[in-house]
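A short worksheet on the structure shown next.
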Amino acid sequence: MQDAAQTALDWNDDVPMGVVASVSDGWLTLSGQVEWQYQRNAAYNSVRFLSGAKNFTNLITLVSKPTSDDVQGRIQSALVRSAYVDASNITVNVKGDTVTLTGNVRSYMERDVIENAAWAAPGVLNVNDNVTVLD
């Protein structure tokens, strides 16, 4: 199973080299470093349905890319450009490599779009999603 997991990682173009899979008693563990959350998700999605895996641990860490001074502005601009988000209801705070999102939205899809915009900003390693979906 370890060879199959490593092959699945190696064949996925979204997973950078250096991400490795190990298996112990059916427990599959991923480790390594990536620059973006989508790469971490891609690694997980590459191996999550492998036959024989009893459980899964994702120890892949995010490594900060050089951040720009306008991370907050980039996120807010992305929200304004999105047809799915009412950006006026969202507050974006950036402290170091952590983004905190607050406000109210109409749907879970809108909330996901906002969180994805935050993850897409350079240098973001943590996103605290405090956005509330109104009923």
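The values are calculated or read from the model by the stated rules, or taken from the named source; none is laboratory data. Computed from a prediction, not measured in an experiment: that's the story for all the values here. A quick note on method: Cβ atoms are made from the backbone with ideal geometry, for glycine too, and the neighbour counts reach across all protein chains shown. Areas reflect the complete protein model, heavy atoms only, side chains present, ligands, DNA and RNA absent. Shrake-Rupley method; radii C 1.70, N 1.55, O 1.52, S 1.80 Å.
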Inset, instruction - Spot the failing condition for Gly103; the list is (1) within 30 Å of Gly18 (Cβ to Cβ); (2) in contact with a helix residue (DSSP H, G or I) (Cβ under 8 Å, 6 or more places away or on another chain), and only one is missed. - result: (1)
Legend entry - So Thr57, is it more than 22 Å from Thr98 (Cβ to Cβ), at pLDDT 90 or above, out of contact with any His (no Cβ under 7 Å at 6 or more places or on another chain) and exposed (fewer than 14 other Cβ atoms within 10 Å of the Cβ): yes
Inset, instruction - Inspect all residues belonging to segment 80-98 and state whether any of them is closer than 30 Å to Gln2 by Cβ, open to solvent by 40 Å² or more (accessible area, probe 1.4 Å) and either of a type outside the set (Val, Ile, Thr) or without any contact (Cβ under 8 Å) to a residue 12 or more places away in the chain (or both). - result: no
Inset, instruction - Residue by residue through segment 30-52, note down the ones that are farther than 21 Å from Leu125 by Cβ, touching a residue at least 24 places away in the same chain (Cβ under 8 Å) and out of contact with any helix residue (DSSP H, G or I) (no Cβ under 7 Å at 6 or more places or on another chain). - result: Ser51, Gly52
Inset, instruction - Considering only segment 1-106, give the helices (runs of 4 or more DSSP H) lying wholly within it that have at least 1 residues that are farther than 30 Å from Val133 by Cα. - result: 2-11, 37-47
Inset, instruction - Could you tell me whether segment 109-124 includes any residue that is of a type in the set (Phe, Trp, Tyr), closer than 30 Å to Leu9 by Cα and either out of contact with any strand residue (DSSP E or B) (no Cβ under 8 Å at 6 or more places or on another chain) or at pLDDT below 90 (or both)? - result: no
